[in-house]
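The structure under discussion appears below in the form of structure tokens.
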Amino acid sequence: MKVGIKVKFWGVRGSIPTPGVKYVKYGGNTPCVEVLLPNNQLFIFDAGTGIRELGNTLCKGRKKHKIHIFLSHFHWDHIQGLPFFMPSYIKGNNIVVLGMDLEGARLDKIISNQMESIYFPIKLHTLAANFQFQILAEGSNDIEGTRVDAIYINHPGQAMGYVVNFEKVKICYLSDNELVPLWAAKYSETAYRSNTREKILKLISGADLLIHDAQYTDEEYKTKVGWGHSPFGEVMRLAKDGRVKKLALFHHDPDHFDEHIDVLVADCDCKENPSRFSHVMECFAAHEGMELHF
């Protein structure tokens with residue numbers, strides 16, 4: 001029985017926006033995922049270029065919004081859309097930006113820095129909406145009555161994954177996470193936490209939806225160890241071990257055209273090949289405009 005949660009993908013591409021005819025099916029905007037809860041809480045995960053169109057849609061009505069924007073980390077492809085988020089320019093909107101502090105750099109300073117005049121003509125403190133910043137650490141967080149679990153994941157410079165728990169529904173967002181196969185561990189110079197996979201498994205166990213970085217094919221990953229992104233095969237193994245119901249492949253490589261992603265999806269069709277796994281799991285590549293309801 002559905003509880004009334006909507007998940008919509010506004011940007012699914014990794015690293016850099018990719019406009020053009022080769023990217024029409026899955027889209028070229030960088031990461032942004034909307035989660036709208038039945039109590040009208042609006043959660044947005046990452047502020048890549050996809051957040052621009054989401055913001056334009058929100059502004060079509062006259063309603064004022066309270067919006068929580070959870071940032072996984074601060075690489076350009078995950079924050080570059082924030083200055084173009086139209087609700088920021090409307091008085092009466094309340095926007096809470098949530099994420100981690102980095103050593104020597106506060107969350108609010110990180111965001112305001114990208115809007116200094118050398119990069120952008122409008123400064124953060126001049127925006128009409130009311131901005132707040134909330135620091136999150138690893139663990140369980142109460143966001144106005146909704147439990148959101150945060151976990152540090154494997155990515156250069158540090159990154160954070162999130163799990164939304166609403167009633168009996170569990171939505172997991174783990175973008176920019178490197179699941180390092182055993183064969184590659186000895187080649188990685190990145191000081192990743194050795195127990196991260198086990199901690200992730202505990203959090204995602206039985207999840208209704210896992211959105212996970214799957215930027216590389218297994219073959220491509222051989223030359224990308226330590227770059228902070230996962231090979232397809234390891235993502236499938238994680239989802240299988242976590243017994244998730246739906247797996248959304250995410251953060252598509254900028255060199256993966258529509259037909260490349262189609263091939264990847266064909267190889268992960270667990271509905272057609274249930275014998276590959278101990279349970280039936282729906283696997284698909286996220287695309288711009290895709291909506292899921294729980």
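Computed from the coordinates by the stated procedures, all read-outs in this text should not be read as laboratory data. Predicted model, so just to flag it, every value in this text is computed and none were measured. Here Cβ is always computed from backbone atoms with ideal geometry, including for glycine, and neighbour counts include all displayed protein chains.
Short version: what are the Cα gyration tensor semi-axes of region 34-81, square root of 5 times each eigenvalue, largest first, in whole Å? Walk me through the intermediate numbers first.
Values: eigenvalues 81, 36, 10 Å².
Working through the eigenvalues yields semi-axes of 20, 13, 7 Å.
Helix-only estimate, please: 222 nm mean residue ellipticity of the chain, summing -39500 (n - 2.57) across DSSP H runs of length 4 or more and dividing by its residues, to the nearest 500. Write down the numbers at each step before the final one.
Numbers: 8 runs with 56 residues, N = 294.
Here the helix-only value at 222 nm equals -5000 deg cm²/dmol.
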Checklist entry - What is the log10 of I(q)/I(0) for the chain, computed with the Debye formula using one identical point scatterer on each Cα and no solvent, at q = 0.08, 0.11 Å⁻¹? => result -0.32, -0.62
Checklist outcome for this item: Here the gain from full extension of Arg62 to Glu282, 0.36 nm per residue of separation minus their alpha-carbon distance, amounts to 75.4 nm
Checklist entry - Going toward the positive end of the dipole of the chain, with +1 on Lys and Arg Cβ and -1 on Asp and Glu Cβ, which of Ile90, Phe133, Leu54 do you reach last? => result Ile90
Checklist entry - How many lysine pairs does region 121-244 hold where the Cα atoms are under 30 Å apart and the two sit 8 or more places apart or on different chains? => result 19
Checklist entry - Given +1 on the Cβ of Lys and Arg, -1 on the Cβ of Asp and Glu, and no further charges, what dipole in debye does the chain carry about its Cα centre, rounded to the nearest 20? => result 1040 debye
Item to check | Relative packing of peptides 132-143, 150-161 - highest average C-beta neighbours within 10 Å first | outcome: 150-161, 132-143
